[in-house]
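Colleague: Shown below is the structure under consideration.
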Amino acid sequence: MEDFHQQAEWLAEICWRQLYSTASARDIGTLHAARNAINARNITADPRNNFYASAELLDKYTDAYLVAGALQHFGMEDVNSEPTKNMYTGLPIDQDGKNQYVRETVSLFVKKHVMCPIPIRLAAPLSNEFKCRFCGKMYKMPSALVKHEEKQHSFKPDRPESPTPETKQDKVYNYTRRSLALCMLRRNHDDAIQCGDGGRVIRLYKFFCSIIQIHP
């Protein structure tokens, strides 16, 4: 039962919060556009209202993105065409060579299309208490602690740099990478529960908490 509730939280607090927006109804490739394309009217902005229908939509959405990504990765026009790049060139009877090719190909695909840059906060808190890292003085509010460290110890925490006007981002590709990353983490979580792999579930909970902290 606890695993079921965790699956629902992963769906709502991670995937839906990051990917689902009614404002993207006309944007092909978004989760809400996919919902409209298959006429899944029983799915709303809160997946907890219909967990199984929402989970089924996300499964189909994940499969569609994986197929589209594979077509691009192998340079194929459609699922019936022949690959034109990243092909296996070894001998058909070389089982070890084929296994290595699969590992390298999957690794290349994940690094290129799935893994997203994650901001790293170098000046992480030393404990859960609002305590000065230099003199040990205690504070009740984090803002007061930040001001104290800046004024008394000339310490300024790392802050993400604002994007410059010249910086151009491919927002469609960024959304695609985020979709694949979140959907594959969710699928890994579901698989870990089905396999009874408690260690993997715990590791994925750490991803869950990290994503919540980065994108509250």
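The values are calculated or read from the model by the stated rules, or taken from the named source; none is laboratory data. Keep in mind it's a predicted model, so treat the numbers as computed, not measured. Glycine also receives a Cβ, built like all others from the backbone with ideal geometry; neighbour counts cover every protein chain displayed. The accessibility values were calculated without ligands, DNA or RNA, using every heavy atom of the protein model including side chains. Shrake-Rupley method; radii C 1.70, N 1.55, O 1.52, S 1.80 Å.
Colleague: Just wondering, is there one or more residues in segment 2-21 that are touching a helix residue (DSSP H, G or I) at 6+ places or on another chain (Cβ under 9 Å), over 18 Å from Met184 (Cβ atoms), touching a residue at least 40 places away in the same chain (Cβ under 8 Å) and among the aromatic types (Phe, Trp, Tyr)?
Modeller: no
Colleague: Something else about it: May I ask you to list the residues in segment 1-44 that are crowded, with 19+ Cβ neighbours inside 10 Å, among the aliphatic types (A, V, I, L, M) and more than 21 Å from Ser210 (Cβ to Cβ)?
Modeller: Listed by number, the residues that qualify are Leu31, Ala34, Ile43.
Colleague: Looking only at segment 45-55, decide whether some residue is open to solvent by less than 60 Å² (accessible area, probe 1.4 Å), closer than 21 Å to Val114 by Cα and modelled with pLDDT of 90 or more.
Modeller: First, the residues of segment 45-55 that are open to solvent by less than 60 Å² (accessible area, probe 1.4 Å): 46-47, 50-51, 53-55.
Now restrict to residues that are closer than 21 Å to Val114 by Cα: 55.
Next, only the ones that are modelled with pLDDT of 90 or more stay: 55.
Yes, segment 45-55 contains at least one residue that is open to solvent by less than 60 Å² (accessible area, probe 1.4 Å), closer than 21 Å to Val114 by Cα and modelled with pLDDT of 90 or more.
Colleague: Residues that are in contact with a helix residue (DSSP H, G or I) (Cβ under 7 Å, 6 or more places away or on another chain), of a type outside the set (Phe, Trp, Tyr) and closer than 24 Å to Glu9 by Cβ: which helices (runs of 4 or more DSSP H) entirely in segment 25-113 hold 2 or more of them?
Modeller: Of the helices (runs of 4 or more DSSP H) lying wholly inside segment 25-113, those with at least 2 residues that are in contact with a helix residue (DSSP H, G or I) (Cβ under 7 Å, 6 or more places away or on another chain), of a type outside the set (Phe, Trp, Tyr) and closer than 24 Å to Glu9 by Cβ span 31-37, 51-73.
Colleague: Please indicate, with yes or no, whether at least one residue in segment 115-135 is closer than 30 Å to Ser54 by Cβ and modelled with pLDDT of 80 or more.
Modeller: Initially, segment 115-135 is screened for residues closer than 30 Å to Ser54 by Cβ, giving 115-119.
Now drop any that are not modelled with pLDDT of 80 or more, which leaves 115.
The answer is yes; a qualifying residue exists.
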